[in-house]
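Taking it in order: structure first as structure tokens, then the write-up.
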Amino acid sequence: QVQLVESGGGLVQAGGSLRLSCAASESIFSINAMGWYRQAPGKQRELVATITSGGSTNYADSVKGRFTISRDNRKNTAYLQMNSVKPEDTGVYYCNAVKISVNYWGKGTLVTVSS
């Protein structure tokens, strides 16, 4: 079972930057895809970005050009670089990993963007 631990959340002003990290409990070479999802207060969880084991990325339209997802296989860690953040980026950010069609989730890290 893959365990995921997110870190890097916090309070940031609009226009600022933040980098989230997701540390996996095992080698991410064996993980098919990793991703970041977020859930704003009163809303459903939504996709932010994903990255496959081959490095292909996918982004929600709302974050394209501002956020970058990456992974470091040596450190078993995935990242989400968030630039030019907006108040609507506020929410709990969850790390996701897919391994042999099974989804694993972290407990989330809170990002608050002040205007």
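The values are calculated or read from the model by the stated rules, or taken from the named source; none is laboratory data. Bear in mind the structure is a predicted one, so any value in this text is a computation, not a measurement. No Cβ is skipped: glycine too gets one built from the backbone with ideal geometry, and neighbour counts run over all protein chains shown. Ligands, DNA and RNA are excluded from the accessible area calculation, which covers all protein heavy atoms including side chains. Shrake-Rupley method; radii C 1.70, N 1.55, O 1.52, S 1.80 Å.
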>> For K86, give me every one of the lysines with a C-alpha distance below 27 angstrom, ignoring sequence neighbours fewer than eight places off in its own chain.
In response: K43, K64, K107
> Quick one: accessible area per residue over the chain, 1.4 Å probe, rounded to a whole number of Å²?
Replying inline: 53
> Amide H to amide H under 5 Å from Q3: which residues, 5+ apart in sequence or cross-chain, H placed 1.01 Å off N in plane?
Replying inline: S25, E26
> Once region 1-54 is represented by equal point scatterers at the alpha-carbon sites, with solvent omitted, what log10 I(q)/I(0) does the Debye formula produce at q = 0.14, 0.21, 0.30, 0.32 Å⁻¹?
Replying inline: -0.49, -0.99, -1.29, -1.30
> Around D89, what is the net charge, scoring Lys/Arg as +1 and Asp/Glu as -1 over all other residues with Cβ under 10 Å from its Cβ?
Replying inline: +2
> For region 52-115, which whole-number percentage of the solvent-accessible area (1.4 Å probe, protein heavy atoms only) is attributable to carbon and sulfur atoms?
Replying inline: 47
>> For the chain, set up a GNM with springs between Cα atoms under 10 Å and report which of Y79, Y94, Y104 has the largest fluctuation.
In response: Y104
> What Kirkwood hydrodynamic radius, in Å, does the chain give when the mean of 1/r is taken over all pairs of distinct Cα atoms and then inverted?
Replying inline: 13.9
>> For a quick check, take a GNM of the chain with Cα springs below 10 Å and name the residue from L80, L11, L47 with the largest mean-square fluctuation.
In response: L11
>> Taking 8 Å as the Cα distance limit and 6 or more residues as the minimum spacing, I'd like the relative contact order of region 75-114 as a percentage.
In response: 42
